[in-house]
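Q: Please find one structure pasted underneath; my questions will follow.
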Amino acid sequence: MKITPFFILAIFVFTSLQAFAQKEMPLYDGPIPNAKPDTISEKIGRWGIDNYYLMNVSKPTLTVYLPKADEATGTAVIICPGGGYSVIAIENEGYKIAEAFQKMGIAAFVLKYRLPSDRTMDDKSIGPLQDAERAIQIVKSNAKKWNIDTAKVGIAGFSAGGHLAASLGTHFRHNYIANKQTINFKPAFMILGYPVISFTDSLTHKGSRDNLIGKNPSEKMIREYSNEMQVTHETPPAFIFQAEDDHTVKVENSIIFFQALHRNGVNAELMIYPRGGHGFGLNNPTITSMWTDECQQWLLSNGWLTKYECKKCRD
């Protein structure tokens with residue numbers, strides 16, 4: 001076999017990704033709902049030297065990060081990495097985030113959701129949300145085995161993954177997958193990092209909107225997927241953070257979602273950093289503190305972390 005630089009890079013990337021993963025499982029036991037037969041191959045790309053992402057995802061998975069038994073809090077979080085519904089920032093906004101939550105005693109699950117595509121789905125607008133529903137279904141169905149309290153299963157998302165997480169938080173009454181066990185798809189809480197919230201012309205991240213609902217969506221579709229318009233008093237509490245100088249997703253996305261939650265009497269915390277840009281994942285390089293510290297305090301104050309001694313998760 002001829003050893004090329006590309007081959008060496010591929011091995012390095014694969015090894016790096018595997019180093020983060022604990023157990024990756026297919027999201028569906030049988031046929032994937034809303035799927036078309038396809039020949040698209042999943043690929044790995046990279047931003048910089050140590051930030052990898054996935055392309056052409058049509059076979060969704062869930063990667064499990066369980067805390068040590070004596071540190072488990074019973075709380076769980078499903079993590080939706082971002083990428084504009086075009087790619088999945090699986091390392092920076094997936095595996096690294098899961099490790100941080102795992103250190104808090106939280107069971108973390110990285111969702112590799114299907115990227116919306118007319119080639120692989122009958123209705124691409126619901127594909128990612130189907131996968132988010134299936135993820136919460138799996139976690140709650142396996143709660144006893146994984147030492148999880150079904151009342152403490154939340155969802156986290158970043159950028160377009162934040163849109164997916166907020167969509168589950170505002171559309172949980174819609175059953176987009178088979179649900180014989182009548183699992184409640186409502187997350188206990190939402191953690192949203194620099195999220196795409198609105199699909200309105202003035203606020204949307206156009207790439208995310210185009211990829212999910214098409215380049216010429218109806219006003220009805222725009223409203224349906226503008227999550228600030230779907231908030232009710234039943235929407236789960238949220239911890240939201242973003243940088244003011246985010247030039248990719250307008251900071252007003254976080255602000256209007258917080259305002260909608262506030263108007264409906266939903267517990268919410270909003271952190272706006274002066275700087276940090278977009279896509280910083282676990283660490284905003286412009287500040288000395290970490291959003292995970294504040295998030296941990298928020299989780300503790302709301303009763304989702306009760307058994308575990310609070311500690312820093314920045315190791």
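Q: Identify, please: which residue in region 268-305 is hydroxyl-bearing (Ser, Thr, Tyr) and farther than 19 Å from residue 189 by Cα and is, among those, surrounded by the fewest Cβ atoms within 10 Å (Cβ to Cβ)?
A: 288
Let's see how each residue does on (1) hydrophobic (A, V, I, L, M, F, W, C); (2) under 13 Å from residue 159 (Cα atoms):
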position	(1), (2)
197	yes, yes
222	yes, no
243	yes, yes
247	no, yes
253	no, yes
258	yes, no
266	yes, no
278	no, yes
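Q: Let me ask something additional. Pick from region 118-155 the residues that are closer than 15 Å to residue 84 by Cα and touching a helix residue (DSSP H, G or I) at 6+ places or on another chain (Cβ under 8 Å): which of them is surrounded by the most Cβ atoms within 10 Å (Cβ to Cβ)?
A: 128
Q: Take the residues in region 60-82 that are in contact (Cβ under 8 Å) with a residue 40 or more places away in the chain and out of contact with any strand residue (DSSP E or B) (no Cβ under 6 Å at 6 or more places or on another chain), then tell me which one is surrounded by the fewest Cβ atoms within 10 Å (Cβ to Cβ).
A: Narrowing region 60-82 to residues in contact (Cβ under 8 Å) with a residue 40 or more places away in the chain: 60-67, 69, 71-82.
Checking which are out of contact with any strand residue (DSSP E or B) (no Cβ under 6 Å at 6 or more places or on another chain) leaves us with 67, 69, 71-75.
Numbers: 67: 21, 69: 7, 71: 16, 72: 20, 73: 21, 74: 21, 75: 27.
Restricting to residues being in contact (Cβ under 8 Å) with a residue 40 or more places away in the chain and out of contact with any strand residue (DSSP E or B) (no Cβ under 6 Å at 6 or more places or on another chain), the top hit is 69.
Q: With the condition kept exactly as written, say whether any residue in region 1-24 is at pLDDT 90 or above and of a type in the set (A, V, I, L, M, F, W, C). Even if it seems obvious, please write down each step before you answer.
A: Within region 1-24, the subset at pLDDT 90 or above is 23-24.
Then keep just the ones that are of a type in the set (A, V, I, L, M, F, W, C); that gives none.
No.
Residue-by-condition table, conditions (1) touching a Phe, Trp or Tyr at 6+ places or on another chain (Cβ under 6 Å); (2) within 23 Å of residue 173 (Cβ to Cβ):
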site	(1), (2)
54	no, no
60	yes, yes
67	no, no
77	yes, yes
111	no, yes
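Q: Identify, please: which residue in region 252-264 is free of Cβ contacts under 8 Å to residues at least 40 places away in the same chain and surrounded by 16 or more Cβ atoms within 10 Å (Cβ to Cβ) and is, among those, nearest to residue 295 (Cα to Cα)? Outline the logic, then answer.
A: We begin by selecting, within region 252-264, every residue free of Cβ contacts under 8 Å to residues at least 40 places away in the same chain; these are 255, 258-264.
Imposing the further condition that a residue be surrounded by 16 or more Cβ atoms within 10 Å (Cβ to Cβ) reduces the set to 255, 258, 260-261.
Details: 255: 17, 258: 15, 260: 20, 261: 17 Å.
Only one residue tops the list, namely 258.
Q: Working only within region 197-209, note down all residues that are in a helix (DSSP H, G or I) and farther than 20 Å from residue 281 by Cα. If you could, list the steps in order and put the result at the bottom.
A: Quick first cut of region 197-209, residues in a helix (DSSP H, G or I) only: 206-209.
Passing the criteria: 206, 209.
Q: Name, by its number, the condition in (1) in contact with a strand residue (DSSP E or B) (Cβ under 7 Å, 6 or more places away or on another chain); (2) part of a helix (DSSP H, G or I) that does not hold for residue 269.
A: Of the numbered conditions (1) in contact with a strand residue (DSSP E or B) (Cβ under 7 Å, 6 or more places away or on another chain); (2) part of a helix (DSSP H, G or I), the odd one out for residue 269 is (2).
Q: Kindly list, by first and then second residue, each pair from a residue in region 173-188 that is among the aromatic types (Phe, Trp, Tyr) to a residue that is assigned to a loop (DSSP other than H, G, I, E, B), limited to pairs with Cβ atoms under 8 Å and residues at least 6 apart or on different chains.
A: If the second residue must be assigned to a loop (DSSP other than H, G, I, E, B), the pairs left are 176/33; 176/34; 176/126; 185/172; 185/173; 185/175; 185/179.
Q: Right, next: Taking interchain pairs and intrachain pairs at least six residues apart, which have beta carbon atoms under 7 angstrom, with the first residue in region 40-54 and in contact (Cβ under 8 Å) with a residue 12 or more places away in the chain and of a type in the set (Gly, Ala, Ser) and the second surrounded by 12 or more Cβ atoms within 10 Å (Cβ to Cβ) and not in a strand (DSSP E or B)?
A: 41/56
Q: Can you tell me which residues in region 43-59 are over 17 Å from the mean Cα position of the chain (by Cα) and not in a loop (DSSP other than H, G, I, E, B)?
A: 43, 44, 45, 46
Q: Can you find a residue in region 68-76 that is closer than 27 Å to residue 86 by Cβ and of a type outside the set (Gly, Ala, Ser)?
A: Here is the first cut: in region 68-76, the ones closer than 27 Å to residue 86 by Cβ are none.
Looking through region 68-76, none of the residues is closer than 27 Å to residue 86 by Cβ and of a type outside the set (Gly, Ala, Ser).
Per-residue answers, yes or no, for (1) part of a loop (DSSP other than H, G, I, E, B); (2) crowded, with 24+ Cβ neighbours inside 10 Å; (3) touching an Asp or Glu at 6+ places or on another chain (Cβ under 9 Å):
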| position | (1), (2), (3) |
| --- | --- |
| 157 | no, yes, yes |
| 163 | no, yes, no |
| 166 | no, yes, yes |
| 174 | yes, no, yes |
| 177 | yes, no, yes |
| 184 | yes, no, no |
| 187 | yes, yes, no |
| 192 | no, yes, no |
| 195 | yes, yes, no |
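Q: Which condition number does residue 47 fail, the rest of (1) surrounded by fewer than 20 Cβ atoms within 10 Å (Cβ to Cβ); (2) over 23 Å from residue 279 (Cβ atoms) being met?
A: Unmet condition: (2).
The values are calculated or read from the model by the stated rules, or taken from the named source; none is laboratory data. Predicted model only: the values in this text are computed from it and were never measured. Here the Cβ is made from the backbone with ideal geometry for all residues, glycine too, and neighbour counts use every protein chain on show.
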